[in-house]
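I have placed the structure first, in the form of structure tokens, so that the comments after it can refer back to it.
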Amino acid sequence: MAYALPLHQHGKSKVRLGRVWRDGNVHHMVEWNVNTMLESDMEHSFVKGENTGMTATDTQKNTVYVVAQRMSQKCTVEQYAIALAQHFVLTYPLVSKAKVYIEQKPWNRVQMGGLPHDHGYALAGAEVRTVYVTYDKAGKLDVTAGLKELSLLKTTQSGYEGFLRDEYTVLPEVNDRIMASTVTCTWKYTNQPACYDAAFAAAKSALLDAFLGPPKGGVYSPSVQYTLYNMAKNLLDRVPQAESVFLNMPNLHFIPVNPVGSKFNNDVYVATSEPHGNIEAVVTRRGMIPHAKL
């Protein structure tokens, strides 16, 4: 019987990295969880058990720290991921493509008495910034930025009506409910922005603005689907370098409660995390290829 090995790769996962840049008394700090994966001409390792020319996963782990130290100037997670991916491809002859995925822990500089602390940081919630970079022998670079675990909620200006009803449907129609989600979003750049931090800030702001609406009055959402689509459109409008947006938005339910001896008055709910609805989509500029599969 004949066999084939059409796809293979190897890498290192969950390499935790802290990097500090000292600018006099002011220190800049990031914490990254780094994952590497290499496509390479290593069929002989799988088929014959020969490891000649292989970039060991331990070598990949060590390289994570070496490249971090070489980034002598404060850099974004995207800039570091690009440098790491390019290092693997340009250094090792058998490597044809490097893939780097990184999650950034949300350490933010502490403000004390209205002043930024020189070297003090605190975690700012659960939101995680992400990046996925690929680089190959032909010099093709792809950068997909993103975030996950962005928890959003609004107490009104949301409803759900007009859906199909049959013998299995008991959900009441409502035009005033709590809307909550933990958002995962990625966006692929066609061209690289001049500043990745600024592009990320613009993308996040676009998502928040479309979900919540103006500070006074907000904006009505007839469904998570409608809001998701408008969040993606808003991101594409504000980040011109982005070509494709993926969004996953679980619909986290707050169920109205009639307290004992009383009734529900838009005030008391059972907070739930599961089961929950799950809505996702990819929105692109017209003619562009989606960067993610559902």
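The values are calculated or read from the model by the stated rules, or taken from the named source; none is laboratory data. None of these values were measured; they are calculated from a predicted model. Counting neighbours? That spans all protein chains shown, and the Cβs are built from the backbone with ideal geometry, glycine included. Heavy atoms of the whole protein, side chains included, go into the accessibility calculation; ligands, DNA and RNA do not. Shrake-Rupley method; radii C 1.70, N 1.55, O 1.52, S 1.80 Å.
Summary table below
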{"quantity": "Relative contact order (percent, whole number), the chain, Cα cutoff 8 Å, 6+ residue spacing", "calculated": "12 percent"}
{"quantity": "Solvent exposure of region 228-289 as accessible area per residue, Å², 1.4 Å probe", "calculated": "61 Å²"}
{"quantity": "Shape of region 111-223, Cα gyration tensor, a/c cut at 1.5", "calculated": "oblate"}
{"quantity": "Largest to smallest accessible area among Arg22, Arg285, Arg177, Arg165 [probe 1.4 Å]", "calculated": "Arg22, Arg165, Arg285, Arg177"}
{"quantity": "Counted charge near Asn33, where neighbours are those whose Cβ lies closer than 10 Å (Asp, Glu -1; Lys, Arg +1)", "calculated": "+1"}
{"quantity": "Acute angle (nearest 10 degrees) that the helix 77-91 long axis makes with the longest principal axis of the chain, alpha-carbon atoms", "calculated": "30 degrees"}
{"quantity": "Rounded accessible area per residue of region 1-138, 1.4 Å, Å²", "calculated": "57 Å²"}
{"quantity": "Cut-off 15 Å between beta-carbons: net charge of the residues surrounding Val89, Lys and Arg +1, Asp and Glu -1", "calculated": "0"}
{"quantity": "Cα-centred dipole magnitude for region 75-135, charges only on beta-carbon of K, R (+1) and D, E (-1), debye, nearest 20", "calculated": "160 debye"}
{"quantity": "Helix axis angle, 224-238 relative to the chain longest principal axis, alpha carbon, degrees", "calculated": "50 degrees"}
{"quantity": "Prolate/oblate/rounded call for region 101-166, Cα gyration tensor, a/c under 1.5 rounded", "calculated": "oblate"}
{"quantity": "Backbone HN-Hα couplings from phi across region 155-164 [Karplus 6.51/-1.76/1.60, Hz, Gly and Pro as x]", "calculated": "8, 7, 6, 8, x, 7, 9, x, 7, 4"}
{"quantity": "Student exercise, region 1-115 dipole from Lys, Arg, Asp, Glu Cβ charges, in Debye to nearest 20", "calculated": "440 debye"}
{"quantity": "Separation between Cα centres of region 4-19 and region 62-119, rounded to whole Å", "calculated": "16 Å"}
{"quantity": "Apportionment of accessible area to carbon and sulfur, the chain, percent (1.4 Å)", "calculated": "54 percent"}
{"quantity": "Estimated vicinal HN-Hα couplings, Hz - region 277-294 in sequence order (Karplus 6.51, -1.76, 1.60; Gly, Pro = x)", "calculated": "x, 9, 10, 8, 6, 10, 10, 10, 5, 4, x, 8, 7, x, 8, 9, 10, 8"}
{"quantity": "Rounded to whole Hz, the Karplus (6.51, -1.76, 1.60) HN-Hα couplings of region 62-68, x for glycine and proline", "calculated": "5, 5, 3, 7, 5, 5, 4"}
{"quantity": "Exposure ranking of Glu127, Glu173 by accessible area [1.4 Å probe, largest first]", "calculated": "Glu173, Glu127"}
{"quantity": "Long-range HN-HN contacts of Gln157 with modeled amide H, under 5 Å", "calculated": "Arg177"}
{"quantity": "Region 176-212 versus region 247-286: alpha-carbon centroid distance in Å", "calculated": "21 Å"}
{"quantity": "Unit charges at the beta carbon, dipole of region 165-215: most positive-side option, Ala198, Met179, Gly213", "calculated": "Ala198"}
{"quantity": "Net dipole in debye of the chain [+1 Lys, Arg Cβ; -1 Asp, Glu Cβ; about Cα centre; nearest 20]", "calculated": "640 debye"}
{"quantity": "Violating pairs (Cα-Cα greater than 29 angstrom) within the set Lys48/Lys137; Lys61/Lys233; Lys137/Lys293; Lys48/Lys148", "calculated": "Lys61/Lys233; Lys48/Lys148"}
